[in-house]
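*Asks:* This is the structure I want to talk about, given as structure tokens.
The values are calculated or read from the model by the stated rules, or taken from the named source; none is laboratory data. A quick note: this is a predicted structure, and the numbers were derived from the prediction, not measured. Here the Cβ positions follow ideal geometry from the backbone for every residue, glycine too, while neighbour counts run over all protein chains shown. With ligands, DNA and RNA removed, areas are computed over all heavy atoms of the protein, side chains included. Shrake-Rupley method; radii C 1.70, N 1.55, O 1.52, S 1.80 Å.
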Amino acid sequence: MNVVDVLVEKHLITAKQLAEAQDFAHQNDVRVDRALVELGFIDEDEMLRTASEQLSIPFRDLAGLQIDRDAVNAMPAKLVHQKRLLPVSRHNGTLEVATSDPYDLYAFDELRLLTKLNIEPVLAPDDQIKQLIKTYYGVGGDTLDAMLDDVGVSLDEADTQAEDLADMAQEASVIKLVNEIFLEAIESRTSDIHIEPYENDLKIRYRIDGVLQDAKVPPQVRRFQAAIISRIKIMANLNIAEKRLPQDGRIKLQAGGRQIDIRVSVIPMLFGEGIVMRILDKASVLFTLKELGMSDDDYQRFDAEIAKPNGIILVTGPTGSGKTTTLYAALNAIVDDQIKVLTVEDPVEYHLEGVNQIQVNPKIDMSFARGLRAILRHDPDVVMIGEIRDRETAEAAIQAAMTGHLVLSTLHTNDACSAATRLVDMGVEPFLVTSTLNAAMAQRLVRKICDDCREEYIPDFDSLPKGCPVQPGQKLWRGAGCRKCHNTGYRGRSAVFELMVSNEEFVEQVMNRASTTAIERVARENGLKTLREDGWLKVTQGITTIEEVVRMTRA
């Protein structure tokens, strides 16, 4: 009895599903068991476990598997990629090899001849095998092997003309390699791809959840530096012949049914051009206010502020702290058919339904201040300014707030209480600041504990940071590290907030040109919760860890 018959006998699939799969298999030239998985009639794990019983081949869950170097070295890389075979272990002249296709007997015979070892097959899910191949053999390893075999490809950028670079960048293998780099980045929730040339190396790093991690790429990728960089520049409509000046461009991709925008920055460096690409995925940024991670108290107060008809609301923090995401969430909460919303951004990163967005362009003197003055003649109710960078923009924003508009913007300060003093330092009169600034909210992003490997533990009470409210013996959570979080223990991010709402005491302090410390003292007396205190709350709720809060906030 074959595996498919066993599935029917065990009622894991129906006769009707089997008939559909047989038709699909015939039309698409695939095996029936593969068709059943592709059509979603059965999970691949269940299919492989059934095959394991019938064929007497062990089934292995490869989650968290560490492969020893002897096993990796024993396996020809081309066979790994071509047949999707993964070495698991090597002992006493036997090589244990994982596959998701137990019927490809020729592959095992070929491997036996090449390695001179006994081959012991085990069955494992295809997605686990693919992930481990990327980990141990590098992203695009099969493509690089094919490129190394192609003696017609020129590899030395210094001796290559622009026309040759253009031809090289259009090679099918180069296109496939760059696409694989992009796809791996998108699948791993990367926000930025860094391509960094060194004297004897080309390093590719992904920023995942705010932390840079080396991409798993084969060492021979350095030989294709010119081809990779030229391909990216062509995709971004940049000049491939210009290698002396910085260039900026944009790439649009379709991945998994999603529209992905990639912002490209190219800068000439000592050993070639370095590239940083910001991945802008609309699906990953459009949150509601509640999804951002605000406490109930902060949410209610912030929601009340954005409901006001006029005034300024500032979101502060360093680059990459999620300020724009918070502003977009606020706009989404406000937008309806009865109000008009206009934004001035640099650049417009995401398109919002029902919002009129304007792109800043310094080359033609289209600044934040000029754009803001222009859109005030378009009868808006709510205005968002990407960033207040100078006195001119600050005064334009204040003027807009004083004439009956609600203004949302960002400011680079370390905490919420510094927002008012920063505006005064820019040259704005204190009475203008106090009459228009409704609220300022500082924020940081902390990594969330991975849901798949979270575990309870009791921290060492004597080593807790000062101010941490954890009691002796209190249980907290941390990530043990697993395949889904790349063994970091973290997956995804949440924000911690510090919200200061204007009141009489705040007005008095700003009018007296008080220091940030004095303003913060008054704000804390009125219920201000600092970034670190909000972080401690998320630690006790099991959202993040003590280490993350300490890393991202100051005491």
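*Asks:* Could you give every pair whose Cβ atoms fall below 8 Å, whose first residue belongs to the stretch 431-446 and is closer than 12 Å to Ala420 by Cβ, and whose second residue is open to solvent by 30 Å² or more (accessible area, probe 1.4 Å) and assigned to a strand (DSSP E or B), counting only separations of at least 6 or pairs across chains?
*Replies:* Asn438/Val501; Ala439/Val501
*Asks:* Kindly provide the set of residues from the stretch 264-281 that are open to solvent by 30 Å² or more (accessible area, probe 1.4 Å), assigned to a strand (DSSP E or B) and more than 25 Å from Ser173 (Cβ to Cβ), ordered by number.
*Replies:* Taking the stretch 264-281 and keeping what is open to solvent by 30 Å² or more (accessible area, probe 1.4 Å), we get 265, 267-271, 276, 278.
If we keep only those that are assigned to a strand (DSSP E or B) as well, we get 265, 267-269, 276, 278.
If the condition is that a residue be open to solvent by 30 Å² or more (accessible area, probe 1.4 Å), assigned to a strand (DSSP E or B) and more than 25 Å from Ser173 (Cβ to Cβ), then Ser265, Ile267, Pro268, Met269, Arg278 are the ones that fit.
*Asks:* So, of the residues in the stretch 92-102 that are more than 12 Å from Ile67 (Cβ to Cβ) and assigned to a strand (DSSP E or B), which turns out to be least open to solvent (accessible area, probe 1.4 Å)? I'd like the intermediate steps shown before the answer.
*Replies:* Taking the stretch 92-102 as the starting set, the residues that turn out to be more than 12 Å from Ile67 (Cβ to Cβ) are 92-94, 99-102.
Checking the rest, the ones that are also assigned to a strand (DSSP E or B) come to 94, 99.
Values: Thr94: 24, Thr99: 4 Å².
So, considering only residues that are more than 12 Å from Ile67 (Cβ to Cβ) and assigned to a strand (DSSP E or B), the one least open to solvent (accessible area, probe 1.4 Å) is Thr99.
*Asks:* Okay, next question. Restricting to the stretch 312-343, give me the number of residues that are within 20 Å of Met441 (Cβ to Cβ) and either among the β-branched types (Val, Ile, Thr) or not in a helix (DSSP H, G or I) (or both).
*Replies:* From the stretch 312-343, those within 20 Å of Met441 (Cβ to Cβ) are 312-335, 341, 343; that's our starting set.
So of that shortlist, the ones also either among the β-branched types (Val, Ile, Thr) or not in a helix (DSSP H, G or I) (or both) come out as 312-322, 324-326, 334-335, 341, 343.
The qualifying residues number 18.
*Asks:* Report, by residue number, each residue of the stretch 282-311 that is open to solvent by 20 Å² or more (accessible area, probe 1.4 Å), modelled with pLDDT of 90 or more and among the aromatic types (Phe, Trp, Tyr).
*Replies:* Within the stretch 282-311, just Tyr299 meets the criteria.
*Asks:* Let me ask another. Identify all residues within the stretch 76-91 that are open to solvent by 10 Å² or more (accessible area, probe 1.4 Å) and either outside any strand (DSSP E or B) or in contact with a Lys or Arg (Cβ under 7 Å, 6 or more places away or on another chain) (or both); write none if there are none. I'd like the intermediate steps shown before the answer.
*Replies:* We begin by selecting, within the stretch 76-91, every residue open to solvent by 10 Å² or more (accessible area, probe 1.4 Å); these are 76-78, 81-84, 89-91.
Listed by number, the residues that qualify are Pro76, Ala77, Lys78, His81, Gln82, Lys83, Arg84.
*Asks:* Oh, and also: For the subset of the stretch 403-457 comprising residues that are surrounded by fewer than 17 Cβ atoms within 10 Å (Cβ to Cβ) and of a type in the set (D, E, K, R), which member is nearest to Ser515 (Cα to Cα)?
*Replies:* Checking each candidate, the answer is Asp425.
*Asks:* Here are the criteria: (1) modelled with pLDDT of 80 or more; (2) at positive phi; (3) among the small types (Gly, Ala, Ser). Tell me which single one Gly138 does not satisfy.
*Replies:* Only one criterion is unmet by Gly138, namely (1).
*Asks:* Taking the stretch 176-233 only, how many residues are within 18 Å of the chain's Cα centre (by Cα), among the aromatic types (Phe, Trp, Tyr) and either closer than 19 Å to Arg483 by Cβ or in a strand (DSSP E or B) (or both)?
*Replies:* The qualifying residues number 1.
*Asks:* Turning to a different aspect of this structure: Name, by its number, the condition in (1) touching a Phe, Trp or Tyr at 6+ places or on another chain (Cβ under 9 Å); (2) of a type outside the set (A, V, I, L, M, F, W, C); (3) part of a helix (DSSP H, G or I) that does not hold for Asp70.
*Replies:* (1)
*Asks:* Could you check the stretch 358-376 and list, in sequence order, the residues that are open to solvent by 50 Å² or more (accessible area, probe 1.4 Å) and farther than 22 Å from Leu437 by Cα?
*Replies:* Residues of the stretch 358-376 open to solvent by 50 Å² or more (accessible area, probe 1.4 Å): 359, 361-365, 370, 373.
Answer for the stretch 358-376, where residues must be open to solvent by 50 Å² or more (accessible area, probe 1.4 Å) and farther than 22 Å from Leu437 by Cα: Gln359, Asn361, Pro362, Lys363, Ile364, Asp365.
*Asks:* Within the stretch 349-364, identify whether any single residue is under 30 Å from Phe224 (Cα atoms), charged (D, E, K, R) and in contact with a helix residue (DSSP H, G or I) (Cβ under 8 Å, 6 or more places away or on another chain), and answer yes or no.
*Replies:* First pass over the stretch 349-364, keeping only residues under 30 Å from Phe224 (Cα atoms): none.
Within the stretch 349-364, none of the residues are under 30 Å from Phe224 (Cα atoms), charged (D, E, K, R) and in contact with a helix residue (DSSP H, G or I) (Cβ under 8 Å, 6 or more places away or on another chain).
*Asks:* Could we say that Asp192 is in contact (Cβ under 8 Å) with a residue 24 or more places away in the chain and within 25 Å of Asn361 (Cβ to Cβ) here? Break it down into steps so the answer makes sense when it comes.
*Replies:* Details: in contact (Cβ under 8 Å) with a residue 24 or more places away in the chain: yes; within 25 Å of Asn361 (Cβ to Cβ): yes.
Spelling it out, Asp192 is indeed in contact (Cβ under 8 Å) with a residue 24 or more places away in the chain and within 25 Å of Asn361 (Cβ to Cβ).
*Asks:* Is at least one residue of the stretch 240-250 in contact with an Asp or Glu (Cβ under 8 Å, 6 or more places away or on another chain) and assigned to a loop (DSSP other than H, G, I, E, B)?
*Replies:* Our first condition is that a residue be in contact with an Asp or Glu (Cβ under 8 Å, 6 or more places away or on another chain); within the stretch 240-250, this holds for 243, 250.
Narrowing further to those that are assigned to a loop (DSSP other than H, G, I, E, B): 243.
Looking through the stretch 240-250, at least one residue is in contact with an Asp or Glu (Cβ under 8 Å, 6 or more places away or on another chain) and assigned to a loop (DSSP other than H, G, I, E, B).
*Asks:* Scan the stretch 220-263 for residues that are open to solvent by 40 Å² or more (accessible area, probe 1.4 Å) and free of Cβ contacts under 8 Å to residues at least 12 places away in the same chain and jot them down.
*Replies:* Within the stretch 220-263, the subset open to solvent by 40 Å² or more (accessible area, probe 1.4 Å) is 220, 222-223, 234, 237, 239, 241, 243-246, 248, 250, 252, 254, 256-259, 263.
Within the stretch 220-263, Asn239, Lys252, Gln254, Gly257 qualify.
*Asks:* What tally of residues in the stretch 1-16 results from selecting those that are crowded, with 18+ Cβ neighbours inside 10 Å and either of a type in the set (Gly, Ala, Ser) or in a helix (DSSP H, G or I) (or both)?
*Replies:* 3
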